[in-house]
Amino acid sequence: MAILTKIELGDILEELEAYKGRQTELITVYISEGYDVNSVQKQLEAEKSTAKNIKSTATRKNVTDALDRIVRHLKGIKKTPEHGLAIFCGNVSETEGKDDLQLWEIEPPMPLKIRLYRCDKEFVLEPLQTMNEVDEIFALLVMDRKEATIGVLEGKRIETITKMTSGIPGKVKAGGQSAQRFHRITEGLTRDFYKRIAEEMKDAFFENPRLKGVLVGGPIPTKDEFLEGEYMTNQLQERVIGRLDIGDTSEAGLRDLVEKAQDILASQEIIHEKKVLEKFFTTLGEKPDLAVYDEEGIRKALQYGAVDILLLSRELDKTLMKDLRDTAINIGSTIEMISTETTEGDQFQKLSGMGAVLRFRV
């Protein structure tokens, strides 16, 4: 078993989404990264006993057969794969009374964080669909002088990485020199806390190639002191795409930060798409022999291994899209999916809905 690419995963998800059970008889199993596959096998053995109580003979048979198939499959797996495992199994025959018991096994492109067993009329695909949307991540930081929480946004999922406290004492009522001394101490402790936060941010994100941007939230003036003091490395400081006023510095504050940054996050996707299309249209205008937008020209370029970037409109015919994508994957092309939500994307879709920037002339 090999880790699927996002495009391969997308194709399987599209297939699985089309299947509907007559009753609650399609089984979904998610095994999170690092979880013991043998424990899941034992759980499903127990579920077989529960399935005997299903009143409908046909449904009982379909559920029991699917569970048997999954258990047999799991017995052949000695260790949970690196990214976890998703298994889908059920009778997908469109003809009532006929059996077509199928099993799909997926090791996703990113680690699974969820454990799940579900028997339903449809396969549970949302965790993988969300994962498949994620090309980049965003670093999250909510902070004040007392505490900080660092997290990451992957698609729609927010995960907490670490929580920190400063240990700075509260205000005292001392006056004169005592007050001045207390102020110097607290300012020193604050700077130390900011340095610790910056170090944690570096450890979490500095070497992550998928990092798209950094969002920082907190009260005025704490977040501004932190950012303007340039405590973070230049690489992270340059990727700050938003600073927002947030009162909560706990895990709930991370959710508030993402909620308030929706416009910023949406604009980042649009900016990326516009840059890709700008490169395509500029190449087409200035170096027309290094850009193509007709199917015959794209297929020829793919055949010669000349396609550097393949652009496909999300409105393109699905069969044609899959065919072009599969060929592009085999020659190591970058694949960009283009929406029609921008003027440029709509223009591209009306042009042909497909295009390629070439590595060399063909």
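The values are calculated or read from the model by the stated rules, or taken from the named source; none is laboratory data. Small disclaimer: the values here were computed from a predicted structure and weren't measured. Every residue, glycine as well, gets a Cβ built from its backbone with ideal geometry; the counts of neighbours run over all protein chains shown.
Name, by its number, the condition in (1) loosely packed, with under 15 Cβ neighbours inside 10 Å; (2) in contact (Cβ under 8 Å) with a residue 40 or more places away in the chain; (3) within 20 Å of Phe205 (Cα to Cα) that does not hold for Phe226.
Result: Phe226 passes all but (1).
Write out, first by first residue and then by second, each pair whose Cβ atoms fall under 7 Å of each other, whose residues are 6+ apart or on separate chains, and whose first residue, in region 186-203, is under 22 Å from Thr160 (Cα atoms) while the second is surrounded by fewer than 16 Cβ atoms within 10 Å (Cβ to Cβ) and among the polar types (S, T, N, Q).
Glu200/Thr162; Lys202/Thr233
Any residue in region 308-321 that's assigned by TED's automatic domain parsing to the domain that holds Thr283 and touching a residue at least 12 places away in the same chain (Cβ under 8 Å): show its pairings with residues that are β-branched (Val, Ile, Thr) and part of a helix (DSSP H, G or I) at Cβ separation under 9 Å, as long as the two are six or more apart or on different chains.
Within 9 Å, the pairs are Ile309/Val276; Leu310/Ile298; Leu310/Thr327; Leu311/Val276.
Select from region 138-159 the residues that are buried (at least 19 other Cβ atoms within 10 Å of the Cβ), in contact (Cβ under 8 Å) with a residue 60 or more places away in the chain and within 18 Å of the chain's Cα centre (by Cα) and list them in ascending order.
Across region 138-159, the qualifying residues are Phe138, Ala139, Leu140, Gly151, Leu153.
Scan region 20-34 and tell me whether some residue there is in a loop (DSSP other than H, G, I, E, B), more than 17 Å from Glu107 (Cβ to Cβ), aliphatic (A, V, I, L, M) and in contact with a helix residue (DSSP H, G or I) (Cβ under 7 Å, 6 or more places away or on another chain). Steps first, please.
We begin by selecting, within region 20-34, every residue in a loop (DSSP other than H, G, I, E, B); these are 20-25, 32-34.
Keeping just the survivors that are more than 17 Å from Glu107 (Cβ to Cβ) gives 20-25.
If we keep only those that are aliphatic (A, V, I, L, M) too, we end up with none.
No, that holds for no residue.
Considering Leu215, Leu236, Leu257, Leu244, which residue is in contact (Cβ under 8 Å) with a residue 60 or more places away in the chain and more than 19 Å from the chain's Cα centre (by Cα)? Outline the logic, then answer.
Values: Leu215 fails: more than 19 Å from the chain's Cα centre (by Cα); Leu257 fails: more than 19 Å from the chain's Cα centre (by Cα); Leu244 fails: in contact (Cβ under 8 Å) with a residue 60 or more places away in the chain.
Answer to the selection: Leu236.
For region 286-342, which residues satisfy the criterion of being among the hydrophobic types (A, V, I, L, M, F, W, C) and within 21 Å of the chain's Cα centre (by Cα)?
First pass over region 286-342, keeping only residues among the hydrophobic types (A, V, I, L, M, F, W, C): 290-292, 298, 301-302, 306-307, 309-312, 316, 320-321, 324, 328-329, 331, 335, 337-338.
Answer for region 286-342, where residues must be among the hydrophobic types (A, V, I, L, M, F, W, C) and within 21 Å of the chain's Cα centre (by Cα): Leu311, Leu312, Ile329, Ile335, Met337, Ile338.
Among (1) part of a loop (DSSP other than H, G, I, E, B); (2) on the phi < 0 side of the Ramachandran plot; (3) under 29 Å from the mean Cα position of the chain (by Cα), there is one condition Glu8 misses while meeting the rest; what is its number?
Checking Glu8 against (1) part of a loop (DSSP other than H, G, I, E, B); (2) on the phi < 0 side of the Ramachandran plot; (3) under 29 Å from the mean Cα position of the chain (by Cα), the one that fails is (1).
Return a yes/no flag: does region 74-96 have any residue that is surrounded by 13 or more Cβ atoms within 10 Å (Cβ to Cβ) and in a helix (DSSP H, G or I). Working first, answer last.
Quick first cut of region 74-96, residues surrounded by 13 or more Cβ atoms within 10 Å (Cβ to Cβ) only: 74, 77, 80-81, 83-93.
Next, only the ones that are in a helix (DSSP H, G or I) stay: 74.
Yes: region 74-96 contains one or more residues that are surrounded by 13 or more Cβ atoms within 10 Å (Cβ to Cβ) and in a helix (DSSP H, G or I).
Out of everything in region 341-359 that is in contact with a Gly (Cβ under 9 Å, 6 or more places away or on another chain) and not charged (D, E, K, R), what residue ends up being modelled with the highest pLDDT?
Our first condition is that a residue be in contact with a Gly (Cβ under 9 Å, 6 or more places away or on another chain); within region 341-359, this holds for 348, 356, 359.
Filter again for not charged (D, E, K, R), leaving 348, 356.
Working: Phe348: 94, Ala356: 97.
Step by step, filter region 341-359, then rank; the result is Ala356.
Of all residues in region 198-242, which are over 27 Å from Ile271 (Cβ atoms) and touching a helix residue (DSSP H, G or I) at 6+ places or on another chain (Cβ under 7 Å)?
Gly229
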